[in-house]
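Here is the structure we will look at, set down as C-alpha cells.
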C-alpha cells in the first residue's frame, strides 16, 4: 500500500489552467443539455492525493491512476445526457448532472485519469464503473451497473444492487455487496467481506487472509489453495456452497448445516455429528490444517472437493 | 517559509524534529502569521488532549466469563504450538450470550436510527415481532431482567413505528423493483428460520442465523437508501 | 520501546512475573489475575482502534484468548504488559473483518441506550474519543498508535504492515481531520 507524494506546489501554468476551467464552469459554458452528442476534454490541476467524487448515473465511467498531479477527463455525452461539470483541487467533484432529474438520465461515457494517490468515490445508477491503478481508497456505488477494480487500492468498497462486481485488485480491505448481482473476487485481500442476497459469489482462495462470504440464496464457490493461516467464514441460507480446493490444501473445515446435504471428497472427515433436529456438524481435516474455513448453512448443500 | 510549507511541516515542528535552520524559519513565520499560529496551537492542543486520554478503560461488562469459556478450547498455555489452529479452537458465533430478541431489537432499532426504510417493509415484521415477543415471554423469568423488558419495549416501539410511519424514499421504480424482489427472498428465508426455531426454540445457532438474515434485510434497505441519496 | 506503556498496574514486577509463570504452566486463576490487571489497557486500545464498544469487547476477549495460547512463546524479554499490548494491536489490526458493520454497530449501542456504553468522562475527552472513532480506519489506527499509545512510525510500520512513510502520511491526515472535527 504505497502512496506517492509529489508535494503540493502548483506551477503558475497549472494555476492558470485551473482558473480557466473554473471560469468556464462558472459561466455555464459547459455542455448545454439540448446539444447533440458531445465530446468534452478537460484538465484540472490537483494535489497528489485528492478526494474525487464522480457522479455519472448512466453510461460508463472508467478511472485510471497516473503519475501526474492533475485530473484529465474525456467525456462523451449522448444527446440530452445533461451537463458536465468538474471543479476542485484537493476535493474534486465531477460528473454529469442529469438534464431532467425526474426522467431517465441520458448516457455519458467518462474516461478519467486521476493522480495515483487519489481517494475516489463514484456514484452510478446503471452506469458501469471501472477503476485501475488508483491507490487511495475506493467507494464505488452503482445500482444496475457493473463494477470492476484492478490495481492496488488502499481500500475498496463496491456496491451494486443488480450489476456484477469484479475485483481483481490487490487490497488490504475489501467490502463487496450486491442484492442480485454476481461477485467475482480474483484478486488479493487481507480482510474481505462479500455479501449478496441472490447473486453468485465466486472467490479464489489464494492470497486472501480473512474472508467472510455470505448470501441468502446465492451460490457460493470458493476455489484454489487457501492462504496459510487464513480464516474463512461462509454463511448462507440456501445458496449451494462449493469449496473446490487444490488437492494439497492445508485446512481445517467446519460445516454446520440444518438441512443441507454435505459431500466431502477432499481431506479426511475427523468428526461428524448428525442430528434430526439440530442438523449436522462436520469437521474435516485437509492436509496439515492451518487455514480455518467455516461453512454455515440453513438448508444449502455443501460440496467440498478437489479443484479440477 | 510560505504558509503552505508551514502547514506541511507543523508535525515535525511540534515534535522538535526540524533542523535549526528550518526551526528558525518556522518560528519566524509563526510569530508573524496569525492563521498559521492558530493552526500550530490547535495541533498542540490536539496532541495534548490525545496524550491526556485515559490509558485504561474498564469494559462496560465483565469479559472474563466469555474468555474463560473459550480457553476450554485452547490447549494449556506453555505448550509450544505451530501455526495450525486446533480444530476445537473456534470463534463463537457473534451475539452468543445475548438474549435473541435483544439482538433483533437492536437490529430493528437500527433501521429506525438510520431511517433507511421504504414503504416496502412488509407486514411480516409485525408478525415476527409478536412471535419473538412470545418466545421471549416463555423464557424463564430469571433469564429476563429489567433490561430485557426495556429492550422488548424498544423493539416493539421501533417495529411499530417502522410499519406505521414509513416515508417512501424517492427511488426509481427499477430500484424499488429490485429491492422488492430481494426482500421477498429474504423474507422467505426468515420464515423458514422461524418455523425451524419453533420446533427447536432454544437453538442458539438458529437464532443467530435469524438475526444474521435480519441483518441482511437491513443491509439491503440501507443499500437501497444509499442509492437514493445524492 | 516507548515510555508510555505503564508498568503492570497493581502488582510488583516480581509478583507479575510469578503470575505469568504460573499462567504459562496452565494455572487459570493466575491468568485471570493477569486479565484483571491488564484488561483496562487492552480494552482502551481496542476501543480506540475499533471505534465501537461491542467490537472492542469482542477484540479484548480475542486478545486474552490468543495470549493464553501464545503464553508459551513469551520469554520475559520485555514487560508482559508490552508483549500483551503488541499482541492486542496485532489482533485488532489483523482482524478487521467487521469493519463494514462497525459504523452501524455504533448506532446500535446508541439505540440500546446508555447501559451499553462506558460512563462519559469530561466533555472534551468524549468529543475527542468520538472524533477518533469517526476517523477512517487507516488514519485512526496510526493516530491511536502514535499519538495516544506512543509508538514510533517504524514500530507502527512493523506492526501494521504499512510503510513508515505511509504511517507519517496517515498521521498527518488524522491530525488534520481531527482538528477540523473539533474546531
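The values are calculated or read from the model by the stated rules, or taken from the named source; none is laboratory data. Nothing here was measured: the structure is a model prediction, and the numbers come from that model. All Cβ positions, glycine included, derive from the backbone under ideal geometry; neighbour counts span all protein chains shown.
Odds and ends about this structure:
- Filtering segment A:195-209 for residues that are assigned to a strand (DSSP E or B) and more than 23 Å from residue A:286 (Cβ to Cβ) leaves a non-empty set.
- Residue in segment C:44-53 that is at pLDDT 90 or above, on the phi < 0 side of the Ramachandran plot, at the interface with chain B (Cβ under 7 Å from one of its Cβ atoms) and buried (at least 21 other Cβ atoms within 10 Å of the Cβ) present: yes
- Residue in segment B:199-211 that is surrounded by the fewest Cβ atoms within 10 Å (Cβ to Cβ), counting only those that are assigned to a helix (DSSP H, G or I) and touching a residue at least 40 places away in the same chain (Cβ under 8 Å): B:204
- Residue, nearest to the chain's Cα centre (by Cα), within segment C:174-183, restricted to residues that are more than 9 Å from every other protein chain (Cβ to nearest Cβ) and in contact (Cβ under 8 Å) with a residue 24 or more places away in the chain: C:174
- Every condition in (1) part of a loop (DSSP other than H, G, I, E, B); (2) touching a strand residue (DSSP E or B) at 6+ places or on another chain (Cβ under 9 Å); (3) within 10 Å of chain B (Cβ to nearest Cβ) is met by residue A:180 except one, and the failing one is (2).
- Residues satisfying the stated conditions in segment A:250-281, i.e. more than 11 Å from chain B (Cβ to nearest Cβ) and either over 24 Å from residue A:228 (Cβ atoms) or part of a strand (DSSP E or B) (or both): A:255, A:260, A:261, A:262, A:263, A:264, A:268, A:269, A:272, A:273, A:274, A:280
- Residue A:96 vs. criteria away from chain B (no Cβ under 14 Å) and either crowded, with 24+ Cβ neighbours inside 10 Å or not in a strand (DSSP E or B) (or both): no
- Considering A:228, A:296, the condition of being out of contact with any strand residue (DSSP E or B) (no Cβ under 7 Å at 6 or more places or on another chain) and facing another protein chain (nearest Cβ under 9 Å) is satisfied by A:228 alone.
- Test: residue in segment B:43-64 that is at the interface with chain C (Cβ under 8 Å from one of its Cβ atoms), over 30 Å from residue B:13 (Cβ atoms) and assigned to a helix (DSSP H, G or I): yes
Yes or no, residue by residue, for (1) more than 15 Å from the chain's Cα centre (by Cα); (2) assigned to a helix (DSSP H, G or I); (3) modelled with pLDDT of 90 or more; (4) in the same structural domain as residue C:151 (by TED's automatic domain parsing):
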position: C:6; (1), (2), (3), (4): no, no, no, no
position: C:20; (1), (2), (3), (4): yes, yes, no, no
position: C:29; (1), (2), (3), (4): yes, yes, no, no
position: C:70; (1), (2), (3), (4): yes, yes, no, no
position: C:78; (1), (2), (3), (4): yes, no, no, no
position: C:86; (1), (2), (3), (4): no, yes, no, no
position: C:92; (1), (2), (3), (4): no, yes, no, no
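Every residue, every condition in (1) within 11 Å of chain A (Cβ to nearest Cβ); (2) under 26 Å from residue A:176 (Cβ atoms); (3) over 24 Å from the mean Cα position of the chain (by Cα); (4) modelled with pLDDT of 80 or more, yes or no:
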site	(1), (2), (3), (4)
B:154	no, no, no, no
B:159	no, no, no, no
B:175	yes, yes, yes, no
B:189	yes, yes, no, yes
B:197	yes, no, yes, yes
B:209	yes, yes, no, yes
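- Condition broken by residue A:288, with the remaining ones in (1) in a loop (DSSP other than H, G, I, E, B); (2) away from every other protein chain (no Cβ under 13 Å); (3) more than 32 Å from the chain's Cα centre (by Cα) satisfied: (2)
- Being away from every other protein chain (no Cβ under 11 Å), more than 25 Å from residue C:153 (Cα to Cα) and surrounded by fewer than 18 Cβ atoms within 10 Å (Cβ to Cβ) is a property that does not hold for residue B:21.
- Complete set of residues in segment A:134-186 that are touching a helix residue (DSSP H, G or I) at 6+ places or on another chain (Cβ under 9 Å), surrounded by fewer than 24 Cβ atoms within 10 Å (Cβ to Cβ) and more than 24 Å from residue A:223 (Cα to Cα): A:137, A:141, A:144, A:154
- The lone exception for residue A:223 - which of (1) more than 25 Å from residue A:181 (Cα to Cα); (2) more than 14 Å from chain B (Cβ to nearest Cβ); (3) in a strand (DSSP E or B) it fails: (1)
Residues checked against (1) loosely packed, with under 13 Cβ neighbours inside 10 Å; (2) closer than 26 Å to residue C:170 by Cβ; (3) at pLDDT 85 or above:
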| site | (1), (2), (3) |
| --- | --- |
| A:6 | no, yes, no |
| A:16 | yes, no, no |
| A:19 | yes, no, no |
| A:35 | yes, no, no |
| A:44 | no, yes, yes |
| A:58 | no, no, yes |
| A:74 | no, no, yes |
| A:102 | yes, no, no |
| A:108 | no, no, yes |
